[in-house]
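The values are calculated or read from the model by the stated rules, or taken from the named source; none is laboratory data. Keep in mind that this is a model prediction, so the values were computed, not measured. Please note: Cβ atoms are built from the backbone with ideal geometry, for glycine as well, and neighbour counts cover all protein chains shown.
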Amino acid sequence: MIKPSVYVTAQRLSREMIKELQGYATGIFFGDLFCQKRMFENEWFDVAELMSFSKDLGFKTIFQTPAYNTTRTMEETVSLIRKLSESSILDVVSLHDVGVMEELHEFPNVELWWDKFSFNRDIVPNSSLIEFLKSHGISNVELTRPFQADEIINQGCGTLLYIYGPDVASFGRICYTEYFLEEPCERKILCKNNKPFIASIDKVPLQYVADGYMLLDKSAPIHQISKINSDLLNKLDGFTVYIRDSSEISAFDALLKSLFGSK
């Protein structure tokens with residue numbers, strides 16, 4: 001088993017990428033927050049096949065729920081989770097929405113993780129929130145800031161730390177690329193072909209580029225935690241990583257080795 005536990009999201013997921021993650025990742029996330037065409041060649045239709053392939057290779061499989069789930073999309077999300085669970089190829093559902101959490105009570109054999117995207121909505125982890133999440137079956141909470149970990153650990157909840165990858169600066173229901181180019185994106189290809197620069201709401205030139213719905217810094221990655229005190233390091237249940245392509249595998253592996261030593 002890989003130590004420490006490392007759970008990886010790849011911007012583009014394929015059999016080749018999954019094979020390349022062998023020896024580096026404990027588990028793999030399936031599902032893009034906003035655009036499944038970006039992660040999979042055939043959108044959601046590829047999930048079951050790639051998840052089954054990953055299970056056969058010994059990976060833990062995590063389904064990433066979309067950023068927004070409305071009454072129109074909720075049934076589609078839950079139905080897919082149901083099929084994956086019935087096929088015994090799904091280990092974890094990663095979520096950030098109380099409504100989705102309430103809908104998943106019918107899957108007792110699927111682990112539930114509360115992901116970092118909830119905290120991008122300015123929800124600060126606190127004892128009342130963690131107790132609420134635990135009472136609804138949440139076993140792990142993902143964070144982007146190490147100083148918040150003790151609040152979760154002290155409540156007896158598993159803690160994951162997002163250690164490497166692009167920083168998610170903002171969310172929006174309208175694709176940023178569509179918005180800035182003033183062009184519809186029904187084919188979901190604008191984020192591949194155009195990267196308009198934008199500034200923050202107070203006009204500070206942050207040098208972000210629009211990548212689908214996620215605002216990512218020009219430099220990759222901008223979120224990289226290089227120092228964690230040894231006491232906290234031993235209490236964490238694992239780390240999460242986001243890579244744009246396979247060339248970043250060696251980068252996050254080197255980061256982890258610098259934290260834990262080269263053993």
request  = For the stretch 74-83, state whether one or more residues are hydrophobic (A, V, I, L, M, F, W, C) and more than 25 Å from Val6 (Cα to Cα).
outcome  = yes
inquiry  = Every residue in the stretch 1-30 that is in a loop (DSSP other than H, G, I, E, B), buried (at least 21 other Cβ atoms within 10 Å of the Cβ) and small (Gly, Ala, Ser), please.
reply    = Ala25
query = What single numbered condition from (1) hydroxyl-bearing (Ser, Thr, Tyr); (2) modelled with pLDDT of 90 or more; (3) surrounded by fewer than 17 Cβ atoms within 10 Å (Cβ to Cβ); (4) not in a helix (DSSP H, G or I) fails to hold for Thr61?
reply = (3)
note = Ala48 fails exactly one of (1) among the small types (Gly, Ala, Ser); (2) under 20 Å from Leu95 (Cα atoms); (3) in a loop (DSSP other than H, G, I, E, B), namely (3)
request  = Sort through Thr177, Thr159 and tell me the only one that's modelled with pLDDT under 60, crowded, with 20+ Cβ neighbours inside 10 Å and farther than 22 Å from Val78 by Cβ.
outcome  = Thr177
key: Single condition Lys37 does not satisfy, out of (1) part of a loop (DSSP other than H, G, I, E, B); (2) in contact (Cβ under 8 Å) with a residue 40 or more places away in the chain; (3) charged (D, E, K, R)   = (1)
